[in-house]
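Colleague: If you scroll down you'll find the structure; I have some questions about it.
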Amino acid sequence: MLEKQIERKLVTAVRMRGGMCPKWVSPGLDGVPDRVILFPGGRAAFAETKAPGKKLRPLQAKRKAQLEGLGFRVFVIDSPEQIEGALDAVQTS
């Protein structure tokens, strides 16, 4: 399965739950997660999608740690089976 297929499934799952999942592009700040997960009630998290078994690049790991240090949840999703659990975690946090 390709990364873009997992990313598409994530976006669809968020929409089905009443949220938004825009692509995050940050000029001048490389390594940011692929998507922002936004749900009603101010619930937000970030998601980096990967092809199955692929790992974060060092800069992506650094950005993940920076965002987590600010109190945000950052999910690394490399299979469709991980999507529902991540979204449950965002909606119940």
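The values are calculated or read from the model by the stated rules, or taken from the named source; none is laboratory data. Source: prediction; values computed, not measured. Cβ placement follows ideal geometry from the backbone for every residue including glycine, while neighbour counts extend to all protein chains displayed. With ligands, DNA and RNA removed, areas are computed over all heavy atoms of the protein, side chains included. Shrake-Rupley method; radii C 1.70, N 1.55, O 1.52, S 1.80 Å.
Colleague: Of all residues in the range 1-33, which are within 15 Å of Pro80 (Cβ to Cβ) and in contact with a Pro (Cβ under 7 Å, 6 or more places away or on another chain)?
Modeller: Met1, Ile6, Lys9 - these are the residues of the range 1-33 that are within 15 Å of Pro80 (Cβ to Cβ) and in contact with a Pro (Cβ under 7 Å, 6 or more places away or on another chain).
Colleague: I'm trying to understand the selection: among the residues of the range 34-93, which are among the charged types (D, E, K, R), surrounded by fewer than 16 Cβ atoms within 10 Å (Cβ to Cβ) and either touching a residue at least 60 places away in the same chain (Cβ under 8 Å) or touching a Pro at 6+ places or on another chain (Cβ under 9 Å) (or both)?
Modeller: Glu84
Colleague: I'm trying to understand the selection: among the residues of the range 2-25, which are open to solvent by 100 Å² or more (accessible area, probe 1.4 Å) and either β-branched (Val, Ile, Thr) or on the phi > 0 side of the Ramachandran plot (or both)?
Modeller: Answer for the range 2-25, where residues must be open to solvent by 100 Å² or more (accessible area, probe 1.4 Å) and either β-branched (Val, Ile, Thr) or on the phi > 0 side of the Ramachandran plot (or both): just Val25.
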